[in-house]
Every structure is written in structure tokens, then in C-alpha cells.
Amino acid sequence: MFVPVKDKLDKLVALTTDEQEKLSYFKSITPLMISNCHKAHQTIPGYDKCKPEVEAFKWFDGINIPVHGYIDLKGDNLIIEDKCKMPRRGIVKKDGTRSWFPGKLPVDKPFPYNLLQVDFYWSVFQVPVYLCYVNDVEFKVFHAGNCDELKPENIKKRIPRIIQRAKVRQNLMKISNDPNVLKDYIQPDFTHMFWNNDADESYLQNAKKFWGY
């Protein structure tokens with residue numbers, strides 16, 4: 001059953017003043033992000049015949065369970081993956097206010113961690129990939145015609161990386177499924193952007209505390 005985005009947002013609860021401010025701003029820019037996402041899709045031939053949330057499912061040699069994920073939009077001969085870049089807040093000004101800045105879009109090629117995701121989708125269906133980046137101001141669409149990284153011959157070269165990551169995770173799970181045990185087998189890189197969450201500024205600190213930093 002389809003639930004309008006506005007209805008989903010209205011059900012979210014912000015417990016602190018800081019969270020309320022963030023939620024209010026995110027609600028205000030959601031229509032802009034949806035509009036830009038639609039504009040991005042309109043530049044892609046065949047987007048209007050795509051279906052949402054199509055499962056990609058594949059067994060790789062040496063991996064005991066299948067790898068799977070859900071493609072944002074899938075047509076007979078194309079894959080569309082959307083990446084919404086959320087805004088970030090500036091530092092607190094002298095008057096106590098903070099400005100908002102649009103999420104940064106990649107300049108000339110997709111971010112590596114997004115390539116890993118669409119590489120897997122391509123490995124399943126082997127059809128052209130369109131990777132859309134969107135914020136509340138603009139959009140950018142990468143595809144094989146304007147991005148060497150999304151050409152089939154280059155995607156094929158990166159497939160072993162997917163298998164290697166899966167093997168590492170598989171081997172870790174053979175050790176234990178207890179996070180407190182596994183943390184001693186993983187060296188965290190807190191400089192990685194995944195640890196920086198503007199929506200929850202305690203995220204990084206909690207992670208460091210978990211590892212004992």
C-alpha cells in the first residue's frame with residue numbers, strides 16, 4: 001500500500017529542540033528533493049516504464065549465502081539508483097542561529113561506495129546503470145555515456161571487490177555474531193564519511209566509545 005511521503009514525515013517524532021529543528025527543515029526541503037529527483041529521471045530514456053524496489057539476487061562462488069539488494073527503479077533495459085544528499089548545518093553563529101547548506105554532489109564521477117552497490121545490480125541484470133544524485137537545489141545523473149566508471153568493461157573489473165567484501169564479512173560471522181567480540185577484529189576508520197552523521201551528531205562519539213577510543 002502506497003503511503004504519501006508527507007504522511008510518513010508527519011509520523012516522525014522529534015524529542016529534542018535540536019531534533020525538532022532538523023525535522024522541520026528536512027520536511028521543508030522534501031518537495032524540492034522529490035522534484036529534482038523526478039527531473040533527473042526525466043533525462044533517462046525509458047524511466048517511465050520502470051518498476052520500483054526490484055530485488056537483485058545472486059550467488060557468488062565461495063559465499064555461503066546469496067547477496068541481494070533492492071534496486072530503486074528497474075526497467076527492461078536499465079537500472080536507476082537514486083542517492084539523496086541531505087543538507088548539513090553550519091556552525092553556530094553569534095546570534096545562536098545556524099545556516100543550512102545543500103548536500104554535496106559528486107563533481108565528475110560517482111562516489112566509490114555507490115559504485116559498489118550498482119556494480120552488484122549490474123552483475124545480476126547486466127543492463128545500463130543510471131546513478132542519480134539529488135539535493136534540494138540540483139541533480140546530477142551519471143551513466144556509461146558520461147562516466148567511464150559505469151561502462152560495462154570497468155564494472156566487470158570491480159566485481160571481485162564485491163566478492164572480497166562478502167568473504168570478509170562471512171569470515172567475521174564465523175568467529176562470532178556478538179558485536180562486542182567482532183569489534184576486536186575490525187580496525188575502525190573514523191575519518192570515513194560513513195561515521196559522520198549530521199542528523200545525529202552523537203553517532204561518531206558513540207562509535208568511538210564502543211571501540212574504547
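The values are calculated or read from the model by the stated rules, or taken from the named source; none is laboratory data. None of these values were measured; they are calculated from a predicted model. So basically every Cβ, Gly included, is an ideal-geometry build from the backbone, and we count neighbours across all protein chains shown.
Descriptive notes on the structure:
- Only one entry in D119, D136, D108 is under 17 Å from the mean Cα position of the chain (by Cα) and assigned to a loop (DSSP other than H, G, I, E, B), namely D136.
- Residue in region 182-203 that is part of a loop (DSSP other than H, G, I, E, B) and assigned by TED's automatic domain parsing to the domain that holds K83 present: no
- Test: K74 is assigned by TED's automatic domain parsing to the domain that holds I159, surrounded by 12 or more Cβ atoms within 10 Å (Cβ to Cβ) and within 21 Å of P102 (Cβ to Cβ): no
- Within region 152-175, not a single residue is exposed (fewer than 12 other Cβ atoms within 10 Å of the Cβ), among the charged types (D, E, K, R), modelled with pLDDT under 95 and in a loop (DSSP other than H, G, I, E, B).
- Within the option set G46, G96, being in contact (Cβ under 8 Å) with a residue 12 or more places away in the chain and over 19 Å from the mean Cα position of the chain (by Cα) holds for one residue only, G46.
- Of all residues in region 83-102, those being surrounded by 18 or more Cβ atoms within 10 Å (Cβ to Cβ) and either among the hydroxyl-bearing types (S, T, Y) or within 30 Å of K157 (Cβ to Cβ) (or both) number 2.
- All conditions but one from (1) outside any loop (DSSP other than H, G, I, E, B); (2) of a type outside the set (A, V, I, L, M); (3) farther than 30 Å from W59 by Cβ apply to D95; the one that does not is (1).
- Residues (surrounded by fewer than 11 Cβ atoms within 10 Å (Cβ to Cβ) and within 30 Å of K174 (Cβ to Cβ)) located in region 14-56: E55
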